[in-house]
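Reviewing the structure listed below.
Laboratory data are not the source of any read-out in this text; all were calculated from the coordinates shown. Only a predicted model underlies this, so the values are computations on that prediction, with no experimental measurement involved. Using ideal geometry, Cβ is built from the backbone for each residue, glycine included, and neighbour counts are taken over all protein chains shown.
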Amino acid sequence: MSAPTHSRPHPAASGGVVNLLPWWALALPTLAFITLLVLILNPVDAHAAGGDPAITHLVERVQQLIAR
């Protein structure tokens, strides 16, 4: 027994439709990234419960390299 086949609809013309992102779709992730980066680079402001000395040393080295 054969099933009826349906033809595919024609694809929409790529004419005047433009998908634009709202301003906050780029601004919010950027703000979150910058905030986390500042907290990583300034561990004094982060108020961590207890830090691994190796991580603290790594952050200090990164700060020294960026300051150059």
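Descriptive notes on the structure:
- Label-to-label distance for W23 and E60 is 4.3 nm, based on points extended 7 Å past Cα in the beta-carbon direction.
- Protection proxy ranking of 19-30, 56-67 - average other beta-carbon atoms within 10 Å, highest first: 56-67, 19-30
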